[in-house]
There are 2 protein chains.
Amino acid sequence: MNNILVAQSGGPTVAINSTLTGIIEAAQVSSKIDKIYGAVNGIQGIFEEKFIELEELVKNTDDTELLGYTPAAALGSCRFKLNDWRENDHQFKKITDVFRKYNITYFVLIGGNDSMDTVWKLSEYFAEKGIEDIKVIGAPKTIDNDLEETDHCPGFGSAAKYIATTFAELERDISVYDDPAVTIVEVMGRNAGWLTAASALSRLNGGTGPSLIYLCETAFDVEQFIEAVKEKLLVNNAILVAISEGIMDKKGVYISEMVQSDFQDNFGHKYIAGAGRVLENLVREKIGCKVRSIELNLMQRSAGHIASQVDLNEAKMTGRKAVQCLLEGVTGEFISIVRKCSEPYTIEYKSVPISKVANKEKKVPANFITASGMNITDEMLQYLKPLIQGEVNIKYENGIPKHLVLY
Amino acid sequence: MNNILVAQSGGPTVAINSTLTGIIEAAQVSSKIDKIYGAVNGIQGIFEEKFIELEELVKNTDDTELLGYTPAAALGSCRFKLNDWRENDHQFKKITDVFRKYNITYFVLIGGNDSMDTVWKLSEYFAEKGIEDIKVIGAPKTIDNDLEETDHCPGFGSAAKYIATTFAELERDISVYDDPAVTIVEVMGRNAGWLTAASALSRLNGGTGPSLIYLCETAFDVEQFIEAVKEKLLVNNAILVAISEGIMDKKGVYISEMVQSDFQDNFGHKYIAGAGRVLENLVREKIGCKVRSIELNLMQRSAGHIASQVDLNEAKMTGRKAVQCLLEGVTGEFISIVRKCSEPYTIEYKSVPISKVANKEKKVPANFITASGMNITDEMLQYLKPLIQGEVNIKYENGIPKHLVLY
């Protein structure tokens with residue numbers, strides 16, 4: 001008996017369950033695979049043997065479709081890092097025991113760069129111990145788009161579409177009044193500015209889009225920011241500013257921390273302010289016009305109703321490819337998306353050694369950011385554009401999206 | 001020559017341009033109406049004679065459709081209150097002169113309770129001065145749903161659908177981890193909790209929805225809140241809490257002000273914190289679990305891509321009805337939606353004297369809130385449900401919604 005186990009790990013995205021459906025479908029049609037297990041809450045679920053049999057819960061194509069359109073990890077997630085097996089292999093022995101108990105010979109972990117560390121360590125351990133019949137593979141997932149060795153990551157395109165759409169709609173909203181106003185929108189991304197860059201996609205149908213875009217890859221200068229805002233207010237009455245949550249000054253101090261340190265409420269507790277809120281206060285003080293800051297918060301990673309069809313399709317394909325690779329005997333690798341061309345958009349899927357991906361972070365390259373550091377280049381726009389194409393036809397019931405809940 | 005003038009006023013909504021299209025379409029088919037003018041930035045546009053000829057910009061049914069799906073006031077808005085004409089009629093004379101100059105005999109103002117004050121004063125002035133050939137009427141618009149004399153307001157249903165969808169998606173997101181977590185979502189509504197109540201619609205497909213719902217109609221007790229959160233955490237690992245931005249304690253002090261007063265950043269400036277942020281800090285201090293606060297901010301009133309079809313249809317119908325009333329000689333009135341039945345949902349449109357609506361605020365009635373003050377009743381759910389039905393088939397281009405920009 002050869003069973004397959006799937007787990008999801010790291011922060012939720014809108015596409016992670018599409019990858020899961022790709023895995024289920026590919027496993028279902030393979031005569032080499034018997035049961036399809038899902039581990040609840042990632043690696044934690046393996047230790048605790050919290051498994052669900054996916055074919056019992058995802059019974060037909062209706063269920064598969066519903067699952068593919070359900071945001072956030074349907075199997076649950078965790079933020080658990082395996083220790084170094086060379087120092088202590090207790091965790092690894094336990095995992096091997098559980099795999100043996102459930103006849104698991106194929107394991108797919110859908111996750112980001114931290115999760116790929118798990119795939120790496122497991123595959124190394126199995127190789128070292130001569131366990132050749134258990135194959136492990138990683139499937140990419142992250143809204144942050146910060147995985148190395150892949151053109152982009154499933155989950156990113158949908159978040160980018162949400163952000164582009166939201167900026168286009170916010171532009172309509174802030175344009176209705178006749179007085180100067182600054183709206184600062186803080187986008188997720190502590191170390192990489194990919195998502196913040198996606199705000200520029202709101203210009204595609206003729207909109208102004210954000211007048212200023214600050215990615216965390218560029219050192220942020222508070223004085224220059226105020227001057228830039230003043231200048232842009234001369235051109236447009238009401239402006240949008242996009243910033244990464246992780247913007248920092250040239251000394252490497254997070255802008256969000258510029259205030260936090262001295263900042264306490266009247267209970268004597270530290271107040272956690274985002275970078276947007278800090279800059280909002282600064283604009284109020286230095287310019288004095290109407291100002292507001294907005295955090296796109298969890299909505300940017302969970303808004304399944306505005307997912308990108310291209311993203312969901314690709315997410316599913318990476319799942320299928322992962323199973324295909326496992327069946328072909330691949331282990332310790334990672335499914336990567338290779339872009340052949342942006343127009344017409346053409347990609348292919350391949351697997352690459354997991355060591356090239358695990359624990360690494362892909363930042364936005366210099367040629368994607370303008371020299372001023374306040375905008376993105378056309379090259380970046382060409383890169384981003386194909387990823388947000390296509391609208392999903394999700395199922396609504398009672399006026400709200402229908403989701404498939406597995407546990 | 002008889003021309004019609006339309007203006008939009010107050011805060012933007014997703015449905016206000018649907019009302020505009022209803023007015024344009026009804027005016028186009030009437031032989032009694034020649035030109036269709038739009039005033040840019042509400043009443044301000046009348047004073048400045050900033051008019052656009054709508055038939056030149058909205059040329060065909062494609063344009064009309066696009067305009068109807070474009071969020072926020074396409075004619076711009078303002079927050080301008082006319083003075084009392086009995087004390088000083090300068091403003092009113094000016095408006096009359098402009099109306100005469102442009103042969104405007106029909107005027108529709110789309111807006112909320114403040115805007116209806118304008119319709120009221122103008123109609124009174126015209127009556128007092130014996131100006132019988134200029135008819136003025138108000139069409140309802142507000143996401144707050146706080147207008148008297150109407151079952152509900154165009155714009156509310158779409159915001160409610162956004163909120164219900166977002167809570168359903170957030171529930172998926174917060175459920176992935178295995179540790180206790182509180183997510184507090186602050187919803188618009190300074191004086192009325194209608195929008196916050198809409199969060200309960202996220203339960204319609206079997207979801208838990210918000211474990212606690214606090215409307216601004218109920219006095220908020222900080223101690224009770226902490227106890228209630230602790231209790232709910234015993235039932236669910238991760239919980240959502242919905243609060244109105246305007247919640248206040250029994251003394252009438254806004255929860256958001258509980259901290260603001262003493263709260264300064266290290267530049268010595270007051271920090272403006274929302275009620276959600278204040279409660280987030282409180283949960284961190286008193287309970288110590290993972291906690292996050294989210295503001296739905298401008299997205300809840302501008303997310304045209306997730307508008308309610310029922311809402312947009314009704315918005316358009318109120319526009320048509322407004323023109324119909326004007327043509328029948330009605331003046332100084334307001335278009336109201338009367339609910340005949342919730343299941344099957346049946347409504348009709350009528351006009352009511354504007355004095356009954358202007359400057360008044362409709363709060364959530366007691367029978368819509370549970371005795372505990374921490375949830376809404378089934379009655380409220382039955383009231384809300386029909387308003388979010390139907391999905392809009394908006395036009396996308398380049399992966400983002402296409403909007404019609406008038407000026």
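The values are calculated or read from the model by the stated rules, or taken from the named source; none is laboratory data. The model shown is predicted, which means the values in this text are computed figures rather than measured ones. Here the Cβ positions follow ideal geometry from the backbone for every residue, glycine too, while neighbour counts run over all protein chains shown. SASA here: full protein model, heavy atoms, side chains in, ligands and nucleic acids out. Shrake-Rupley method; radii C 1.70, N 1.55, O 1.52, S 1.80 Å.
Let's see how each residue does on (1) within 13 Å of chain A (Cβ to nearest Cβ); (2) over 24 Å from A:Asn398 (Cβ atoms):
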{"site": "B:Pro180", "(1), (2)": "no, yes"}
{"site": "B:Thr183", "(1), (2)": "yes, no"}
{"site": "B:Thr196", "(1), (2)": "no, no"}
{"site": "B:Ser199", "(1), (2)": "yes, no"}
{"site": "B:Leu204", "(1), (2)": "yes, no"}
{"site": "B:Val235", "(1), (2)": "no, no"}
{"site": "B:Ile239", "(1), (2)": "no, no"}
{"site": "B:Lys250", "(1), (2)": "no, yes"}
{"site": "B:Met258", "(1), (2)": "yes, yes"}
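Quick one: in the range A:367-377, which of the residues that are under 23 Å from the mean Cα position of the chain (by Cα) and without any contact (Cβ under 8 Å) to a residue 60 or more places away in the chain is nearest to A:Gly209 (Cα to Cα)? Checking each candidate, the answer is A:Thr377.
Residues that are over 20 Å from A:Gly155 (Cβ atoms) and more than 8 Å from chain B (Cβ to nearest Cβ) were ranked within the range A:393-407; the one that is least open to solvent (accessible area, probe 1.4 Å) is A:Lys395. The set of residues from the range B:343-361 being free of Cβ contacts under 8 Å to residues at least 60 places away in the same chain and surrounded by fewer than 17 Cβ atoms within 10 Å (Cβ to Cβ) comprises B:Glu343, B:Pro344, B:Tyr345, B:Thr346, B:Glu348, B:Lys350, B:Pro353. Among the residues of the range A:211-247, those that are open to solvent by less than 40 Å² (accessible area, probe 1.4 Å), in a helix (DSSP H, G or I) and more than 16 Å from A:Thr370 (Cβ to Cβ) comprise A:Val222, A:Ile226, A:Val229, A:Leu233.
Taking the range A:287-307 as the range and being part of a helix (DSSP H, G or I) and either among the polar types (S, T, N, Q) or modelled with pLDDT under 95 (or both) as the test, the residues that pass are A:Gln300, A:Ser302. Among the numbered criteria (1) away from chain B (no Cβ under 14 Å); (2) among the small types (Gly, Ala, Ser); (3) touching a strand residue (DSSP E or B) at 6+ places or on another chain (Cβ under 9 Å), which single criterion is violated by A:Ser77? That leaves (1) as the condition not met. Within the range A:368-392, the set of residues being within 10 Å of chain B (Cβ to nearest Cβ) and part of a loop (DSSP other than H, G, I, E, B) comprises A:Gln389, A:Gly390. Applying a threshold of 6 Å to beta carbon distances and a minimum spacing of six or more residues, or different chains, the list of pairs starting in the range B:287-315 at a residue that is more than 7 Å from chain A (Cβ to nearest Cβ) and touching a residue at least 24 places away in the same chain (Cβ under 8 Å) and ending at one that is part of a strand (DSSP E or B) and among the hydroxyl-bearing types (Ser, Thr, Tyr) reads B:Arg292/B:Thr183.
You will find that of B:Leu82, B:Leu57, B:Leu5, the residue that is over 30 Å from B:Val392 (Cα atoms) and more than 14 Å from chain A (Cβ to nearest Cβ) is B:Leu82 and no other.
Being among the hydroxyl-bearing types (Ser, Thr, Tyr), buried (at least 21 other Cβ atoms within 10 Å of the Cβ) and over 30 Å from B:Leu201 (Cα atoms) is true of A:Ser336.
Taking residues in the range B:76-91 that are closer than 9 Å to B:Ser115 by Cα, and partners anywhere that are among the charged types (D, E, K, R) and open to solvent by 50 Å² or more (accessible area, probe 1.4 Å), the pairs with Cβ atoms closer than 9 Å and at least 6 places apart or on different chains are B:Arg79/B:Asp114; B:Lys81/B:Asp114.
Checked against the criterion of being within 24 Å of the chain's Cα centre (by Cα) and not polar (S, T, N, Q), the range A:81-95 contains one or more residues that satisfy it.
Scan the range A:80-101 and tell me whether some residue there is of a type in the set (Val, Ile, Thr) and either under 27 Å from B:Ile174 (Cβ atoms) or surrounded by fewer than 16 Cβ atoms within 10 Å (Cβ to Cβ) (or both). No, every residue in the range A:80-101 fails to be of a type in the set (Val, Ile, Thr) and either under 27 Å from B:Ile174 (Cβ atoms) or surrounded by fewer than 16 Cβ atoms within 10 Å (Cβ to Cβ) (or both). Scanning the range B:389-407 for residues that are touching a residue at least 60 places away in the same chain (Cβ under 8 Å) and either under 24 Å from A:Ile400 (Cα atoms) or not aromatic (Phe, Trp, Tyr) (or both) yields B:Gln389, B:Gly390, B:Glu391, B:Val392, B:Ile394, B:Lys395, B:Pro401, B:Lys402, B:His403, B:Leu404, B:Val405, B:Leu406.
Checking every residue in the range A:366-379 against the condition of being in contact with a Gly (Cβ under 9 Å, 6 or more places away or on another chain) and open to solvent by 30 Å² or more (accessible area, probe 1.4 Å) gives zero matches.
Is it the case that A:Glu186 is acidic (Asp, Glu), closer than 17 Å to A:Lys363 by Cβ and under 26 Å from the mean Cα position of the chain (by Cα)? No. Residues in the range B:19-50 that are open to solvent by 10 Å² or more (accessible area, probe 1.4 Å), within 25 Å of B:Glu328 (Cα to Cα) and not aliphatic (A, V, I, L, M): B:Glu25, B:Gln28, B:Ser30, B:Ser31, B:Lys32, B:Asp34, B:Lys35, B:Tyr37.
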